[in-house]
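Worksheet: one structure, shown below.
The values are calculated or read from the model by the stated rules, or taken from the named source; none is laboratory data. These numbers come from a predicted model, not from an experiment. Backbone-built Cβ (ideal geometry, glycine too); neighbour counts: all protein chains shown.
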Amino acid sequence: MTPTDISNPDYFHKVVDCQWACPAHTPVPEYIRLIAAGRYSDAYMVNWHSNVFPGVLGRTCDRPCEPACRRGRVEEEPVAICRLKRVAADNKEDVLARMPAIPSVGNGKRIACIGAGPASLTVARDLAPLGYEVHVYDEQAKGGGFIRSQIPRFRLPESVIDEEVGYITGRGGVVTHYNQRVGSLRALLGEGYDAVFVGAGAPRGRDLDVPGRREAAANIHIGIDWLSSVSFGHIEKVGRRVIVLGGGNTAMDCCRSARRLGGEQVTVVVRSGFEEMKASPWEKEDALKEGIPIRNFLVPKQVLHEDGRLTGMVFEAVKAERDAKGRRQLVPSGEPDVVIEANDVLVAIGQENAFPWIEGDLGIEFDRWGLPKLDEATLQSTLPQVFFGGDAAFGPKNIIWAVAHGHQAAVSIDLFCRGEDVSQRPPPDVVMSSQKMGIHEWSYDSAVSLDLRFKVPHAENEVALRDIKTEVELGYDRELAFKEAQRCLNCDVQTVFSAKLCIECDACVDICPVDCITFTEDGEEMELRDRLKMPAHNLEQAIYVADGLKTGRVMAKDEDVCLHCGMCAERCPTGAWDMQKFLLESAKPKAERVHACAIR
Amino acid sequence: MSFLPKPKLHHPKLPTNALGYTRRDYEGAISTLCAGCGHDSISAAIIQACFELDIEPHRVAKMSGIGCSSKTPDYFLGASHGFNSVHGRMPSVLTGANLANRELLYLGVSGDGDSASIGFGQFAHSIRRGVNMTYIVENNGVYGLTKGQFSATSDKGSKAKKGTVNTDEAIDLIGIALQLGATYVARSFSGDKDQLVPLIKGAMRHDGPAFIDCISPCVAFNNHEGSTKSYDFVREHNEAMNRLDVITGRAPITADYAPGEVREVEQHDGSILRLRKLHAEYDPTDRVAAMNHLHERKAAGEIVTGLLFIDPDPRDLHANLGTVARPLNRLGDAALVPGAAALEAINAGLR
């Protein structure tokens, strides 16, 4: 097969599964090593440059990195990446001085960001240090968007939001227009901004449409609206018996909030099965732990009410079946209907985008789902100076995606304002550095920990359920954090092979603890994968193939379960293997080069 | 050498054998030999062979003498019996152990210094006595531990690292083993595990003196231009007589071969050695022909490898001496110390 081109940054980037899976491409192993070294502020800054809200994300991220983590393929569970991030945020010192300076003289360009959520704030953070004057509009009194309005306080204390939003809005270059709802994009464009970024989120919760909905309206609440009312203190109580409809993370936040506001019997009711629920596994687990039953395969049929007061709901029992075309469908199971008594119902069955304030004749086109037509890479709309990001761009996703969009949009806006082609994306910054210090000494901790994943300590239910502002997760202390950090396999420390130095002595093959190296005759990829020392059947993981050996064979290394322990390089007599740290920072607008690569 | 032990984590799909062990369960401590040493590959081949043969680790006794090669038993079969003897004395210790308990599998590991110089006599006599063992010489043609002097197996005319030319004739251990009656004789190369692993398996299933001369390059002192035991030289001059598959009934091999290409030899324990011929005229059951062929090819500058001789029906030392079948450690005091009357009877019988 074609030898691997390791000069293409994507190749080694993919080996760092966590970083590749992170929409913002946070250099995860890099900051985990810094945490292990007790360098919490450095670890925080590596995060901050990539994902902007380490303290927030360390508590609330959807963690696409963890299912991707290589550790999860060699033992039971991945590294607790997300909670380690929080350790950096909890233990850091004052980091203000490390943040890029905001120039006292601007570059004369003015940018408007609509919404003060994570996408908009990321745009502001990336552009302000370049001299842009960024105006952020939001209808609320404080910045943060859904981070502030949707995530319950027991998962995310307000002080963390204030701090991290403050790093962006409180250092100059950013003008906030709070308590100000943008009612007309035409009017805003008329104010002469050089570019506009729409990061207004997906602010409309989907409603329920069953008999009795209207009559019992006083006790039926749209989940996201109810959560923000709780967040802002407008709602402090809920009925004793509560039904939460929906199986996503919003539903989990609703039921756990209800449990803290007087809900004694809180029941989550989901149309689909438990496994198919959209909520993250750990959120479901936390809800169950707080005594909230989750009932599956029940579809809302009717709202029961008496004298305008809600008394309960009727559900139809269903089961999953495959139709003739193999599509999964929910069909009535024939079991009797289920009645659940309740005082209040919270509806968390999805969100929709709505842009009533964008005039139809501005030149911004929308697709049939009501989403703007965008270039996926540049996030530019059909009106060149208007860019979208976050939930407003492609529908509801999550914070880390919003941040990733913010970075991309900032790059686009910067190119656009310079008059350059926005489709010419700048390459990422990549640094490779050998970790060799001696014959068998490496500048990373190459020993592989055998510890299983450490549990994050939680507050007891009696304490946690008493006050909605009591944070449930206590976070790792420094000692636990060190042990958990040591579970990281350092996948960014790459095995780099040089065929011309190799004498084919098999030392690396013999020592490799996971049998990932094979010297064999070349062949087509699928056939070659099959006859490696351990067949490489995980097709999502590359095999690293190098030719140019004296015997005419090739070296083929399956990246799938490599422990990055450095044993191959340690046992190599000629230095044909080297362990090199691959540090990649995804492209940011040009002047902001203060990134992770500066910390080595 | 390495400081850290090899990580315990292994490939999630690593296969297990009939005993439920993975290959990793047959490993020992981490090697302290130089990186790239051929001996480490031989250790890996022994591990692989024992795994594939479903050998219970506690049924193996590994013996060695002194030298780089003789350190290696520490690096494989960590759960087996072991004895690291005096320089060159592994064959006597192994013989003694074997006489005391014939139920274990004996694996002698030695080097060219240990077996061709200080222990040459020991090597020769253990072979001619027919001790049931697998005797592996990890042959690098150099005294590595003392920094690169020629050993007794260095070829005449080959060069040391600093350029000195060897003027002494080399001892060919294969020739000696054939001459002294070894019933399983093979040569291989540490850099060719496809060949080496089956040869070790065949030897361990052989009921007689099995000898394997394994060329094993010394990366530190004998892997240069002018050496005849370097990776490059051996690869260029390797002339394999055959390829071996050892069939023990558990996993039948179903590959098809043209008639005449394959020869099967059944060993005493029922295992079948399937030899794929690479040289049509070579007959591995003819001792005299094997010796002649070996000398011929050596004169032509080739290194002959493969299973060079096999006697499928060997006799071993116990059979020759008529010893008791039961291991000594399971005999009672009365049998082990029969007393003065019994001695008197023996003496009387000799008068």
Strands (runs of 3 or more DSSP E) completely within the range A:274-390 that count 3 or more residues being of a type in the set (A, V, I, L, M, F, W, C): A:298-306, A:309-322, A:338-341, A:344-347, A:386-388
Report yes if some residue within the range B:317-334 is under 17 Å from B:ALA210 (Cα atoms) and either part of a loop (DSSP other than H, G, I, E, B) or under 19 Å from the mean Cα position of the chain (by Cα) (or both); otherwise report no. yes
Has the range A:119-128 got at least one residue that is closer than 24 Å to A:GLY223 by Cα and small (Gly, Ala, Ser)? yes
Name, by its number, the condition in (1) surrounded by fewer than 24 Cβ atoms within 10 Å (Cβ to Cβ); (2) touching a Leu at 6+ places or on another chain (Cβ under 8 Å); (3) away from chain A (no Cβ under 14 Å); (4) in a helix (DSSP H, G or I) that does not hold for B:ARG24. (3)
I need the full set of residues from the range B:35-49 which are more than 7 Å from chain A (Cβ to nearest Cβ) and not in a helix (DSSP H, G or I), in order please. B:CYS37
Need pairs with beta-carbon distance below 7 Å; first residue touching a residue at least 60 places away in the same chain (Cβ under 8 Å) and within the range B:55-81, second among the polar types (S, T, N, Q) and in a helix (DSSP H, G or I); sequence gap 6+ or separate chains. B:THR72/B:SER43
Output the qualifying pairs, or none if there are none: Cβ atoms under 8 angstrom, residues six or more apart or on different chains, first residue in the range A:317-331 and free of Cβ contacts under 8 Å to residues at least 12 places away in the same chain, second residue exposed (fewer than 10 other Cβ atoms within 10 Å of the Cβ) and outside any loop (DSSP other than H, G, I, E, B). A:ARG328/A:ARG322; A:GLN329/A:ARG322
Restricting to the range A:453-473, count the residues that are over 21 Å from A:CYS82 (Cα atoms), free of Cβ contacts under 8 Å to residues at least 60 places away in the same chain and either assigned by TED's automatic domain parsing to the domain that holds A:LEU288 or surrounded by 13 or more Cβ atoms within 10 Å (Cβ to Cβ) (or both). 0
Among (1) away from chain B (no Cβ under 14 Å); (2) within 22 Å of the chain's Cα centre (by Cα), there is one condition A:ARG98 misses while meeting the rest; what is its number? (2)
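Residue-wise test of (1) buried (at least 18 other Cβ atoms within 10 Å of the Cβ); (2) within 13 Å of another protein chain (Cβ to nearest Cβ); (3) more than 29 Å from B:ARG102 (Cα to Cα).
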| site | (1), (2), (3) |
| --- | --- |
| B:ASN166 | yes, no, yes |
| B:ARG187 | yes, no, no |
| B:ILE200 | yes, no, no |
| B:ARG205 | yes, no, no |
| B:ASN223 | yes, yes, yes |
Are any of the residues in the range A:543-564 among the polar types (S, T, N, Q), in contact (Cβ under 8 Å) with a residue 24 or more places away in the chain, within 11 Å of another protein chain (Cβ to nearest Cβ) and in contact with a Phe, Trp or Tyr (Cβ under 9 Å, 6 or more places away or on another chain)? yes
Which residues, taken from the range B:122-144, are surrounded by fewer than 18 Cβ atoms within 10 Å (Cβ to Cβ) and assigned to a loop (DSSP other than H, G, I, E, B)? none
Does the range B:253-273 contain at least one residue that is more than 25 Å from B:ILE127 (Cα to Cα) and at pLDDT 90 or above? no
Just need a number here: residues in the range A:433-451 that are closer than 23 Å to A:VAL561 by Cβ, in a loop (DSSP other than H, G, I, E, B) and within 12 Å of chain B (Cβ to nearest Cβ). 8
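Each row is one residue, and each column tells you yes or no for (1) aliphatic (A, V, I, L, M); (2) under 21 Å from A:THR250 (Cα atoms); (3) surrounded by fewer than 13 Cβ atoms within 10 Å (Cβ to Cβ).
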site	(1), (2), (3)
A:LYS278	no, yes, no
A:GLU283	no, yes, no
A:GLY291	no, yes, yes
A:VAL299	yes, yes, no
A:THR311	no, no, no
A:GLU316	no, no, no
A:LYS319	no, no, no
A:ALA324	yes, no, yes
Would you be able to say whether some residue in the range A:504-519 is surrounded by 19 or more Cβ atoms within 10 Å (Cβ to Cβ) and away from every other protein chain (no Cβ under 12 Å)? no
When residues of the range B:62-107 are limited to those that are in a loop (DSSP other than H, G, I, E, B) and of a type in the set (D, E, K, R), the one nearest to B:LEU145 (Cα to Cα): B:ARG89
